[in-house]
Structure formats: structure tokens, C-alpha cells
Amino acid sequence: MLRNGAQALGALLRTQGAALTESLVQQTQGPVVEALAAAGATRGVSTLAVKQRMKSVANIQKITKAMKMVAASKMRSAQVNTENSRGIVAPLVRLLGDLPAAEGTKNVFVPITSDKGLCGGINTTVCKYTRAAVKAVQDGAAAGEGAAAQENMLVVMGEKGRSQLQRDMRNSIFATIADTTKVRVTFPEASAIAEELLKTEYDTTRILYNRFVSAISQKPTIATVLSPDALERSAEAGAAIDAYELEGPDRAELLMDLAEFQLATTLYNAMLENNCSEQSSRMSAMENSTKNAGEMLGKLTLTYNRTRQASITTELIEIISGATALAG
């Protein structure tokens with residue numbers, strides 16, 4: 001009886017063995033295919049994210065390269081204007097002198113910054129020097145006798161300087177002037193700002209800006225301008241102007257005109273110097289950004305190629321393994 005059952009089972013396997021094998025392969029093939037598809041989708045998402053990152057970095061590199069070229073073009077024209085303006089300020093400095101340690105009851109500080117960013121740390125440097133100059137004047141007054149009556153005011157030029165100085169010196173900010181470099185800086189524009197500064201009835205005005213040295217170097221500078229009354233007192237005390245002989249009864253009026261003209265010319269030169277420094281600093285910053293973007297793009301390309309090669313190798317191994325299992 002057992003022999004008859006075994007013979008019947010053998011006959012069934014011989015006649016329907018192919019159909020049973022095919023149904024078994026179909027039942028096991030579904031989960032395997034789904035697992036392989038999930039693994040391929042994961043690798044596809046990984047390579048897609050890297051590819052999108054590469055595209056965004058390449059776009060940023062194009063933007064920074066274009067900004068570098070624009071800044072270099074603007075710097076060349078600004079450098080010519082800056083060098084020409086120095087010929088106006090230098091004779092006044094020799095005539096009236098530069099007195100950074102001058103003291104007065106009402107002191108006005110004019111930090112000159114940019115309205116736009118992406119130009120390195122020149123704005124931060126001006127703000128740092130502004131805080132240090134105000135503190136030095138306050139300490140000097142505290143050591144003397146006029147600490148109680150002293151008044152320090154800030155007239156900030158540029159949005160970047162205003163956003164930084166208002167954090168800790170909000171109460172000292174008297175006025176803010178913006179959009180001075182949207183168009184070409186002119187002497188009438190500087191004269192209009194100087195007239196507004198004269199309305200403060202200052203004793204001393206300290207203009208803080210970045211002096212252009214080269215395309216990769218800018219020097220923080222403080223230019224001190226005295227009021228007509230303070231200039232008269234310094235002349236009587238033996239300042240540089242005392243070496244010149246002033247004839248006529250209009251000495252006071254002449255000193256007033258000289259003080260006002262010095263303020264306008266110094267402010268004009270400072271605006272040009274800072275504008276040229278801004279463009280040179282932006283050019284250097286964009287050059288560094290372009291270089292960094294190129295390095296990052298190279299690393300992302302290497303990562304993308306490695307991931308894609310690993311994906312291809314894994315798929316080949318899976319195909320070969322599957323073919324070997326089916327053949328065995």
C-alpha cells in the first residue's frame with residue numbers, strides 16, 4: 001500500500017513538477033523584488049539629494065563669480081575718485097592739523113558703513129572702532145572736570161552700521177543716513193550732509209571710515225574736525241595754523257569758512273575711501289566664496305560618483321546572486 005502511494009506521488013511530481021516550481025518562484029519573487037526596489041529607491045533618493053546640492057552650489061558659484069567681477073569693475077572707478085579726493089584733504093590737514101585728542105563739550109561721531117552686506121568685516125571694524133573711540137572720550141572726560149556736561153552723539157551713515165550700533169548705543173544715535181552710495185558720491189552730497197552736522201553745534205567731529213590701501217588691505221581711520229570756535233582756541237594755543245600769518249579783521253570768519261570746508265572735504269574723502277574699501281572687500285569676499293564653492297562642488301561630485309558606483313556594483317552583485325541561485 002505504501003509502495004503504491006509513493007509511486008502515485010512520483011508520477012504526480014513528474015507530470016506537474018514544472019507548474020509547482022513556477023508557482024513557488026512566483027510566490028517568493030514578489031517580496032524579493034519589493035526589497036530590491038526599496039533598496040534602489042533609497043539609493044536613488046541619496047544620489048538625487050547630492051545632485052540637487054551640486055546644482056545649488058554650482059548656481060551659487062556663478063553668482064559669486066559675477067559679483068566679484070562687478071565689484072572689481074566698481075573698485076577701479078572708485079579708486080580713481082578716491083585718489084583724486086586725497087589731493088583736496090591733504091592741504092587742509094597740513095594747514096589746520098589733525099587733533100585726534102581734541103576735547104569738547106559736544107562730540108559727534110560719524111561712523112561710515114555700507115548699506116549692503118557681503119563685503120567682509122569692514123562694517124564690524126568701523127563699529128568696533130566707534131565704540132572704542134566713544135569709550136576713550138568718555139574716560140578722558142571722566143578723568144577731567146567736564147564729565148557731567150559732556151554729550152556724545154552718533155550720526156551713523158549706512159544701514160549696516162545702524163543695525164550693529166543700535167544694539168548697545170541706541171540712546172546715543174542722533175540720526176541715520178542711508179543710501180549714500182546708490183549713485184556716485186559727489187561733493188554736493190557730502191556738503192549737504194556736512195550742513196546737517198553743523199546744525200548739531202558740535203565742538204569736535206570724529207569721522208570713522210576704512211581707508212583704502214590696496215585691493216586686499218583697508219585701514220580703519222579716524223579723522224577729527226574741529227568746530228570754528230574750537231579751531232580758534234587751538235590756533236591761539238599754537239596749533240599748525242598759527243604758523244601762518246592771517247591778516248585783516250575777518251580772522252574769525254576765515255576760520256569759520258575753513259572749518260566748514262574742512263568738514264565737507266573730509267566727509268567727502270571719507271565716503272569715497274569707504275566706498276572703495278567696500279568694493280575691494282566685497283571683491284575679496286566673493287573670490288573666497290567662489291573658491292570655497294568650487295572646493296565644495298568637487299567634494300560633492302566625488303561623493304556622487306562614489307554613491308553611484310556603489311549602487312551599480314550592488315545591483316550587479318544582486319543580479320549575479322539571483323541568477324546563480326536560480327541556476328543552482
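A few remarks follow.
- Selected residue (criterion: least open to solvent (accessible area, probe 1.4 Å)) from residues of the range 263-310 that are farther than 30 Å from GLU189 by Cβ and of a type in the set (Gly, Ala, Ser): ALA293
- Qualifying residues in the range 184-208 (those that are open to solvent by less than 30 Å² (accessible area, probe 1.4 Å) and among the β-branched types (Val, Ile, Thr)) - the one nearest to PRO111 (Cα to Cα): ILE207
- Among the residues of the range 99-124, the ones that are farther than 18 Å from LEU272 by Cβ, buried (at least 16 other Cβ atoms within 10 Å of the Cβ) and not small (Gly, Ala, Ser) come to 5 in all.
- Only one of VAL137, VAL80 that is β-branched (Val, Ile, Thr) and within 16 Å of THR204 (Cα to Cα): VAL137
- The number of residues in the range 246-261 that are part of a helix (DSSP H, G or I), at pLDDT below 85 and open to solvent by less than 60 Å² (accessible area, probe 1.4 Å) comes to 1.
- For THR124: the one exception among (1) under 23 Å from SER77 (Cβ atoms); (2) at pLDDT 90 or above: (1)
- Test: ASP168 is open to solvent by 70 Å² or more (accessible area, probe 1.4 Å) and either hydrophobic (A, V, I, L, M, F, W, C) or more than 30 Å from MET75 (Cα to Cα) (or both): yes
- Residues that are without any contact (Cβ under 8 Å) to a residue 24 or more places away in the chain and either of a type in the set (A, V, I, L, M, F, W, C) or open to solvent by less than 60 Å² (accessible area, probe 1.4 Å) (or both), drawn from the range 311-325: ILE312, LEU316, ILE317, ILE319, ILE320, ALA323, ALA325
- Here THR181 meets the list (1) touching a helix residue (DSSP H, G or I) at 6+ places or on another chain (Cβ under 8 Å); (2) of a type in the set (Ser, Thr, Tyr); (3) open to solvent by less than 20 Å² (accessible area, probe 1.4 Å) almost entirely, failing just condition (3).
- Residue within the range 213-225 that is touching a Pro at 6+ places or on another chain (Cβ under 7 Å), open to solvent by 20 Å² or more (accessible area, probe 1.4 Å) and either among the basic types (Lys, Arg) or outside any loop (DSSP other than H, G, I, E, B) (or both) present: yes
The values are calculated or read from the model by the stated rules, or taken from the named source; none is laboratory data. Note that the structure is a prediction, hence the values are computed from the model and not measured. Neighbour counts are summed over all protein chains in view; Cβ atoms, including those assigned to glycine, are modelled from backbone coordinates with ideal geometry. Heads up: the accessible areas ignore ligands, DNA and RNA and are worked out on the full protein's heavy atoms, side chains in. Shrake-Rupley method; radii C 1.70, N 1.55, O 1.52, S 1.80 Å.
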